[in-house]
2 protein chains.
Amino acid sequence: MLNAAINLQEKLACFGDQWSPKVIAELNDYQFKLVKLQGEFVWHRHDQTDEVFLVLAGRMSMAFRDRTVVLESGELFVVPKGIEHKPFAEAECSVLLVEPRGVVNTGEAGGALTAANDVWI
Amino acid sequence: MLNAAINLQEKLACFGDQWSPKVIAELNDYQFKLVKLQGEFVWHRHDQTDEVFLVLAGRMSMAFRDRTVVLESGELFVVPKGIEHKPFAEAECSVLLVEPRGVVNTGEAGGALTAANDVWI
């Protein structure tokens, strides 16, 4: 079945909650998710998969135990599987995530910021 | 191993050839590729995988046997596996492709526009 074109800005306008990824497309068993970030997330890791962040608007940082990577709009970053990381954004930042279906945002850490999974917009 | 942030505009400035995808990142066994399109490609399909197109600059069309989808900058589209398609762009268009490692640009069709695979920039 053919889908329509998916306009990222229109999809971003559909929600306001932060740290709660929304699925916009599937590629085989991978999902493309939009998420809005602001403030500090929790340290966590994904033991089974890498995770791609593509910053669409704003700026974020990805903290690792040994360094921090700053990501500007138009920059893509691959968080390797098994590596602890902690996203942070001073002002709200919009990100396109790509990862296998079923990945939970807080990884093995869980906690209050764990979002519902597989929420489509 | 941690990689650096990948700036899409800087990567796009690294090459000029059209219809020749360049790998910029890997997510597990999936690749993120940049490609510049202009003119008409060949009808082809990928029998084993879906394929994601995210238009970064310009405008393209994706022809299917029963309709054509226009994709503007900032729009994402999933070409389902097994479905014949033919990209077209009147003016040069820059696209981020996401698909499994090993996918050839012309799919089962082959021909003169078949690009070298797994070329990193």
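Rounded to two decimals, the Cα radius of gyration of chain B over 2.2 N^0.38 Å is 0.99.
Computed from the Cβ-Cβ distance with R0 of 35 Å, the FRET efficiency linking residue A:64 to residue B:101 stands at 0.90.
Across every pair of non-identical alpha carbons in the protein assembly as shown, the mean reciprocal distance, once inverted, gives a Kirkwood radius of 18.3 Å.
Plainly put, the tip 7 Å out from Cα toward Cβ on residue A:111 is 5.4 nm from that tip on each other copy, the closest given first. Centre-to-centre separation between the Cα atoms of the stretch A:47-82 and those of the stretch B:7-74: 23 Å.
Here residue A:11 is the anchor, and the lysines within straight C-alpha reach of less than 16 Å, apart from those fewer than 8 places off in the same chain, are A:22, A:33, A:36.
Rounded to the nearest 20, the size of the Cβ-charge dipole of the protein assembly as shown about its Cα centre is 120 debye, with Lys and Arg at +1 and Asp and Glu at -1. Just add up the charged neighbours of residue B:18: K/R +1, D/E -1, any other residue whose Cβ is under 12 Å from the Cβ of residue B:18. Result for the neighbourhood of residue B:18: -1. Loop-resident trypsin sites (Lys or Arg not before Pro) (DSSP state other than H, G, I, E or B) in the stretch B:57-121 with no more than 16 further Cβ atoms inside 10 Å of their Cβ: B:65, B:67, B:81, B:101.
No value in this document is a laboratory result; all are computed from the given coordinates. All figures in this text were calculated on a predicted structure; none of them were measured in a lab. Cβ: placed from backbone, ideal geometry, glycine included. Neighbour counts: every protein chain shown.
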